[in-house]
Every structure is written in C-alpha cells, then in structure tokens.
There are 2 protein chains.
Amino acid sequence: MGFTFQINNDIHFKHDKQLLAKAASYRPKLKHQTINAKSIVELEKNTGLLEDCGVKKVADINELANRKLKRNDKVILDFGDHCVGNFSLKVKSVGSPMDAPLFFKLKFAEMPAELASKSEDYDGWLSKSWIQEEYLHLDTLPAQLELPRRYSFRYVEITVLDTSPKWQVVFEQPTVVTQSAVTADAVTKPRLADPELNRIYQVGVKTLEDCMQNVFEDGPKRDRRLWIGDLRLQALADYATFKNTDLVKRCLYLFGAMPTEDGRIPANVFTQPTETPDDTFLLDYSLFFISILADYEEFNTDQMVLNDLYPIAKKQMDVALKLVNEQGKLQITDDYPVFIDWSNDFDKTTAGQGILIYTLKQFISLAKQMHDSDVDRYISKLTLISEFATKQLFDSKSQLFVSGSNRELNVASQVWMALSHVLDDQSTKQLMVQTVKQLFPIKGIATPYMYHHVTQALFEAGMQKEAIRLMKGYWGKMIQLGADTYWEAFDPDKPDYSPYGSAILNSYCHAWSCTPVYLIDKYLLREGVSYDN
Amino acid sequence: MGFTFQINNDIHFKHDKQLLAKAASYRPKLKHQTINAKSIVELEKNTGLLEDCGVKKVADINELANRKLKRNDKVILDFGDHCVGNFSLKVKSVGSPMDAPLFFKLKFAEMPAELASKSEDYDGWLSKSWIQEEYLHLDTLPAQLELPRRYSFRYVEITVLDTSPKWQVVFEQPTVVTQSAVTADAVTKPRLADPELNRIYQVGVKTLEDCMQNVFEDGPKRDRRLWIGDLRLQALADYATFKNTDLVKRCLYLFGAMPTEDGRIPANVFTQPTETPDDTFLLDYSLFFISILADYEEFNTDQMVLNDLYPIAKKQMDVALKLVNEQGKLQITDDYPVFIDWSNDFDKTTAGQGILIYTLKQFISLAKQMHDSDVDRYISKLTLISEFATKQLFDSKSQLFVSGSNRELNVASQVWMALSHVLDDQSTKQLMVQTVKQLFPIKGIATPYMYHHVTQALFEAGMQKEAIRLMKGYWGKMIQLGADTYWEAFDPDKPDYSPYGSAILNSYCHAWSCTPVYLIDKYLLREGVSYDN
C-alpha cells in the first residue's frame, strides 16, 4: 500500500488490551545478518530515467580505503543485493591534523534511479522525509559511525561536503546489519524448470523477506507500516514460503484490537511509538480482515484465533451489508470508499461488489466453522448480492460485467467477479477470455496489487498460459529493469512512472508485489501444471 | 586566531609524557548551567548585512508550544545571550497519526546575520563544516531530542523540511546546558563610572568565559582550539578576572610537551581525539610561549612550572636568535613567518623585530629567575637587536620606525616597538603621538588582536585618552552592532567584512578580542587613573 489520503480526526477507537497483549506475544525476534559492501560503482548514465539507470563497477570494495576524499568528492557503494537494516562505517582522516569537523552526506538507494534524482528537486505532496538521506557532522576522527535509523537499500552514495584544505577523509568497512522476522534459508526453494519463472519466484521471496519485520510492512523504505491490503497478500505469500504464522497472527490481532467504536477496522495501523490505528478507512480493506482470517484458518485451523477474531470479522461484514440495498447492490459511500487500485480513473462499484461476494463467501465458511446460527441470513444475502451481479451487472452483449451508471467496462470488475466465482467455472473462463480479448493489453494500471488480482483471475479461470505471460511481462519486466525486489508501482508502458513524481520517493521493495511466490506455488507447483510455455 | 594556512606533513614532534600528564592533571571540570530560550523572534531585515540584521521579538517563548508547524514553516528562538553548550528540545506530533518521519533543520547562530546568510551560497575555502546546521530525521514522536554536538549561539532557527499533509510538529522546551571552565559569578565585577566602558568590560568577561573550555579555545563556534597567540591574551585577561591559573598551566604544558624534534613549538595544538600538535609554525607565536610563561610567573610565581618549561622557552629564543644576523636584524624566513596580524598587506619585519625584543626582555627575567648562567649572552643579544632597531629602523624624519626594504611606515611596527619599550618612555610616548598623528585613523586592520596591541601601546605610552577612544570606537562599536561577545574579525569601516566571504563562517565569540578586561584592569583600575573622558 502507499498513498490514500484521508483525515478523520474525530473518530474514536477501541483498544482491546487482551487482543493487544496477544499481538505483543507474537512479536518476532528479528534475525540479523552482517553484510559488507561488495564494490564501488558509478552510474552508467545520469538521465534520471529508470531504463537508463544502471551502474557499472569501477573498483573492488577494498579500493575504498585508498580513496582520500575531499570537498565534493563522491563514491557509490554497492552491497550487491537489497538490504534492510542498520548501516555502519569507519571514518578516519589523513593529512594534517583534522582542523575542522567532517561534513558529509549519505544517500541510501534501492535503485540507481534514486541516486540520479536530486532530492532538492522533489516537491510533491508525499513527505520529503522519506528520502533516505542524512547530513552528518563528525567533530572527531577516527570514528566508528553507527547510524541509528533503519534504511532499505542496495546502494549508498557518500558525498563529502567538506573536510578542510589540510586533510582528507577515508571511509572503510561499510557494513549493514540486516533485519527481518525471517531468513531466506528457512524457505525450501522450489526447482522451476523455467529460469525466468525461477528468478521471478526468487525475487518475490526476497521482497517478502525484506518486508517481514515487526509487522508485515508494506515497504521497508517508505510507509513502513501494516496495511490490510498488503497483509492479505503477504500472508498468502508467507504460507507458500516462510510459513511464519506468528507474524500473521500478530497482525490480525493488531487490527482486531483497534476498530473504531462503531466497529470498523482501519485500513492500517502503526506500532511505533505505540499501537495506533490510522484514521484511514477503506471498505474493501475492512472486508479483507475476514479474508485474512479465513485464509489463515484454511492454512492452519486455529480455534483460539477464530474465537478471538470472528466477532470482529462479523462486524465488518455487517457494516458492509448495511450498505447493500434491497436489490442486492452494494452502495459505496464517499466516507468509506473502496480502494481496488490506486487509479481513480475507472468506476469501482462492480469491483467492490465482487469483493463483497468474495469475502462474504469466506465469511460464510468461517460462520459455519463457528456454528454461527446467523449463517443462513448471510447465505441469503450472498444469493441476493450475487444475483444482482449476474442479473444487473453482467452485460450479455459484451459478455463482461459493467460498472457504474455509464456501464463502464474495466478490467477490475471482471477480475473481482472472476475471483469471487459468482459465475460457474465455464462462465468464469469465458469472462476472462473476453477480458483478455476486449480489455487487454492492460492500460492505466500501475500497481502490482492490481496486476496480482488480474493474474490470479486468469489462473482461477484456468488460463495458465495467459497468467504466466502476464507474470513474465510484468514482474519479469521489473527484473529486466534491475529489480532485486519488486516495486510498489510499475507500469510496463511507462517504466519511469512514479505516483509521487520522482523515483526518489518510490518504494522499490513493496509487499503487495511479492505474490508471484504465492501464484507459482498455488497454480503451478501444487497443481502440478506444466508451465513450460 | 583563525586562519593561517600551512601544510608541513614531514615534521616530527616530541610527545613528552610527563608534561602531557601534567597538562591532563589541570584539565578543568566543566561547569554547566541550564538555560531556556527566552522568546520567539524574527529578522528585522533580511539583507545579510550585519548592520541591518537585528531581530524583533514576536512572541513569548511560551507561545512555541501553540505553534503547529508543517513543511517550510520556520521559527527563530532567542536565548537572550550568547551560549556555548548542548541543545535539547521536546518534539511532538499533532493531528493524524505520524505517517512519515519528521525532517527538520536546526541552524545555530551567534548573530542574526548568520541566519540571513544562506549556507548553500557559501563557497569559500574555509570548511563548510563549521556552519552550525543540522538536518535531522525523527522516525518516532514524541521525542526528547538531545543533540550530541556542542554549539555556540544565541539564536536557533528551526525549519520544518517536512511532516506530512496529515500531521504537524510542535516543539517545546528548547534548552541549552552551557559549559565553561569558569562561571561569571566567580568574577568580582569592577564598578566603572563610565557605562560604555562598563559594558565593554562585561562583554569581554562573557567572551572570555565562553572561550574557556577544556583549553583556552580561540572561538567556541569555529576553530575551537588552542592557539598560542590567543592563549597569551586570554591568560592576561584571565589574571584580571577569573584567575583560573590551572587552565593556563594546562595550556602551557600542552605546548611545552609537543615541540618539533628540532624544538619549535607549533602555533596551535588539538586535544581531540588526543593531544596533537598542528603543523603550522609562526615565529612570533613560538616566542610568545616565553611571554605566556613570564606573564604567568609574574602573576603567580611558580617554580615547578618554571623548572619544567624554562628549557622549552629557552629553545624558542635560541631558535629565533639563530635568525638574527651580526647587525642584530631578525631575518624572517618563509617557512617560519611572523603572524602579527591577518593582513598580509604590510611589511612585518620591524613588528617581528619588536616582538623579539619584547619577548627577549621577558626571557631574560625568566633566565634570571632560573639563575641561568647564560643570561649575559641574552642580555648582549638584546643590546644588539635593540640597537639595530633604534639605529637602523628608526627614521628620524618621520620619527617612526620603518619596515622592510621599502622603508614602509605602518602601525604594527610602531606598536610593537612601543610595547617592547626599546625607546625610553618619553620617546615611546612621542612614537605613539606620531603614530596617531601620521597613521591614524587605522586602515586595513580587521582583527581585535591587532587592535588590542595598538590600544595597549597607547596605554603604555601614557595616552589614556586615545586608548579609551580607540577602545570605545572598536569594541564599543561591536556592542552597538549587537555583540553579546566580541568577534574574531571586525573592521569598523566595513562592519560586514568577513575574512571568509560570509558572516556564516565568522566566529562572533573569539578569545583574542576579550582583552578590554585586561586593559581596563591594568591601565584604568589598577593604576587608579581617571578615565572619565
């Protein structure tokens, strides 16, 4: 997740101490690795365009100790892979005695494009504070610099702002102590015959690993917090890989402990300095609390968790069902919108209806597991809502679902109706065949989050070839462009697209993009399907 | 002291462990005071010109806690007087939960002119690292920010670089814990009938206090180290005020412990991270080691210190005397120049000759105190050198000393010849009368260091009126321009002069300018002279 702008200062939240205590009990002990920088590199071109922004190695890292740097000298270190953790560096002076402080700047970058972008040029609305840059003074050398903040990066650019004319500075032993709730070693890596898919899988694992911290973060560089939409996908990816259920439980309890007084779960929560719900509300995200709980119970039947959190899941569904009219139409309101995707250039009502069906089906399975006597009421609601979809929203001419009063045809509507299986399997396949035929190639979608749902809908419709083609064309393209981890935003037609107007604010390791590991596991490995396309 | 640029990487130094141990034993226990900011101010004009750069109070400091600041908001705090110490601040967020780090900048300024100067415009040779500015990220609020570095300032400008659109930042309790080897309370303040002289005296005491740290620093904002030239004047000012002889002894031992292998004392030493002599050498400064020792012995006869350091003092004189030719002329070399003043626009040879006479007289008094059997040799050298001055350098036509092959007439030559008392008292008076007549008003001198010597020479010549007039016109003018402490550099004709091209690098609390306390004490209070001029 990234940006969704709401301010709701007047909302009061519950803080269920018992559930918060359970969340705290599942807090992971972070694992650490010490990694040294691998080489000194330079930017190949300096256009600021992602496509042009490679690096070339210019020296081994051992060469660093021989570089005597002075005002305006610069060096870029390459750690060889994406890292999340704390950076340290030995700093010493050479020449005459140090007659002035050292003043220098460190810039941490996940991708070379960030180094090519000037921080001072950024003037977007998203906070500049996310730029991973520090200005530092050291009064006395030698010094062992241990930066207290956590950074997410592969590259570190050191710019000497000044020494004095009498001495130079030498940097040695650039090191990061990484952190994650998991280690990649814990994953039994599947053998994929297709090397491209194999790489797509590996980068997904790395992305997930680096986002698994004290909570499932959306991005370790920017935002760094727990969003429901990201959590749902991360949990699915985690079941396919690390199988760290404690972190999923922790996050479920965090959301479950802090709904509003009227019962709604906020779209995200903060855990620093203390557990704090955000004042952002998204109807689909609230419903996904049900989905995450149901997915968890499917992976690992756990009656305690279900007992604790079912009432909260039920509340989300009840709040959503109040928005459904007599005909079975979900009437979305401005103060409780659906997210679906960052883009607001398409009508989201039918996709929202699809998500309601999708989550209501999951909710019914939970209600049955809880022997909830209300279950029949939910089943009849499902019928009403599903019939509205198939009878009022399905357009027999195009064989696609329409959305909104203008009967708009968009990808998201088809995808969520396919995922909800509101149609029978044959019709779902036809729906996606028509989607590919009429609405592909995809235009105007820039999030791996939405691409995930499109890909999964193709798999669900039995269209493996198209799903794999899309996965390679999207996640594979990021790898071609130098991704060590998958990105928050990516439009294959516009590789330099940033929702923030500058690569420097982009998060290039973002949880909601890690899902190829889940998709490959579920639809290719577990189903034993041939995927050598 | 400030800038003097030499690099001598090939010089080897002694490190006399016994003398270093004595230096360490006199290391002061710093005294601390907790001071709160007094008010919120704004710059009156923003021209960057010192004369225009006052501040006006816009709010009481209690108002700070009500200010909710966001991107690009700025506030200037006024502590009411010059402070040297560690700054702290409470920081909290208001509004929605803090969904991005706080990014802000602190700029510490001794004078408002520094705030009006933009750091990024500075491109002089002196290190930018001296600009008292910090860029800070805080990931979690509330926070109690305790900055680890020491600053020298009266004003603190806080600029919020970014919060996020969802929350604002509030700053509270800006505080400094000051540090000094002394406290102003320790000084019995004289009552001076003339309020202007009284103020001149008080500002001098404050200047000295803020420069007395683990050593006598030249300036607590910039350079922050022990220079002999500054030490000599600070020690004299200290005897008139704080009478902290331990700090003088500490500094004498530091210099005495680390001469070069051929015996020369460097112009300054560093004490961080360990005691380190600088590779800068100035003949007059080396000679002033003698002077500081002699002044100390005059204030406080101390045979141990004299026994320890007399051989080193003697070495300085012997090295200097090797540069004296058969006629008695001091032949200054390029690798061991005399400082006299920052300006290099005048010939310094005669001033250097004067300093040699001045220090040789002090050396002879030490040699006598030590019963040094060589004393007669020094006395005959004194005669030779003095006769060269009076016979070869004194110009009977102008009744002034000439300097260099062009027989230049400059203020510095007359001043050092007057201070050395190479002439009889009546002739010294005539010399200074002619100096005032022919060479005043002073042009092209911008250091309080040189102004001190001019003023003292006037006093030594019995010209109190002229001395007081000069003191008021120089130190008094700084006060008129807003000085809380005296400055490193000041040219009354060009108040905005900076040797570094920007006020932002100037040191506005500089040791060598504190001497009015010494001059007033020695020539007005102790001599009981009427000074109501």
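The values are calculated or read from the model by the stated rules, or taken from the named source; none is laboratory data. Keep in mind the model is a prediction, meaning the values are calculated, not measured. In this analysis, Cβ positions are derived from the backbone assuming ideal geometry, glycine residues included, and neighbour counts consider all displayed protein chains.
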How about region A:68-121: which of its residues are surrounded by fewer than 17 Cβ atoms within 10 Å (Cβ to Cβ) and over 26 Å from A:THR178 (Cα atoms)? A:LYS68, A:LYS70, A:ASN72, A:ASP73, A:VAL94, A:LYS118, A:GLU120, A:ASP121
Inside region A:228-258, can you point out the residues that are among the charged types (D, E, K, R) and more than 17 Å from the chain's Cα centre (by Cα)? A:LYS243, A:ASP246, A:LYS249, A:ARG250
Consider B:THR274 carefully, then state whether it is in contact (Cβ under 8 Å) with a residue 12 or more places away in the chain and either within 14 Å of chain A (Cβ to nearest Cβ) or over 20 Å from B:ALA21 (Cα atoms) (or both). no
Could you tell me whether region A:125-133 includes any residue that is modelled with pLDDT of 95 or more, within 14 Å of chain B (Cβ to nearest Cβ) and in a strand (DSSP E or B)? yes
Selection status of B:PHE394, without any contact (Cβ under 8 Å) to a residue 60 or more places away in the chain, surrounded by fewer than 23 Cβ atoms within 10 Å (Cβ to Cβ) and in contact with a strand residue (DSSP E or B) (Cβ under 7 Å, 6 or more places away or on another chain): yes
Among the candidates A:GLN303, A:GLN316, which residue alone is over 13 Å from A:CYS251 (Cα atoms) and without any contact (Cβ under 8 Å) to a residue 40 or more places away in the chain? A:GLN303
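Residue-by-condition table, conditions (1) charged (D, E, K, R); (2) more than 30 Å from A:ILE131 (Cα to Cα); (3) within 14 Å of another protein chain (Cβ to nearest Cβ):
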{"position": "B:ILE11", "(1), (2), (3)": "no, yes, yes"}
{"position": "B:LEU19", "(1), (2), (3)": "no, yes, no"}
{"position": "B:LYS29", "(1), (2), (3)": "yes, yes, no"}
{"position": "B:ALA37", "(1), (2), (3)": "no, yes, no"}
{"position": "B:ILE76", "(1), (2), (3)": "no, no, no"}
{"position": "B:GLY80", "(1), (2), (3)": "no, yes, no"}
{"position": "B:PHE87", "(1), (2), (3)": "no, no, yes"}
State all residues of region B:139-175 that are within 9 Å of chain A (Cβ to nearest Cβ), of a type in the set (A, V, I, L, M, F, W, C) and either surrounded by fewer than 18 Cβ atoms within 10 Å (Cβ to Cβ) or within 30 Å of A:ASN72 (Cβ to Cβ) (or both); if no residue qualifies, say none. B:ALA143, B:LEU161
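Condition check ((1) acidic (Asp, Glu); (2) within 17 Å of A:GLY404 (Cβ to Cβ); (3) in a loop (DSSP other than H, G, I, E, B)) across all residues:
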{"position": "A:ASP345", "(1), (2), (3)": "yes, yes, yes"}
{"position": "A:GLN353", "(1), (2), (3)": "no, yes, no"}
{"position": "A:SER373", "(1), (2), (3)": "no, no, yes"}
{"position": "A:LEU382", "(1), (2), (3)": "no, no, no"}
{"position": "A:ALA389", "(1), (2), (3)": "no, yes, no"}
Please work out if A:MET111 is over 21 Å from A:LEU161 (Cβ atoms), in contact (Cβ under 8 Å) with a residue 24 or more places away in the chain and either within 14 Å of another protein chain (Cβ to nearest Cβ) or aliphatic (A, V, I, L, M) (or both). yes
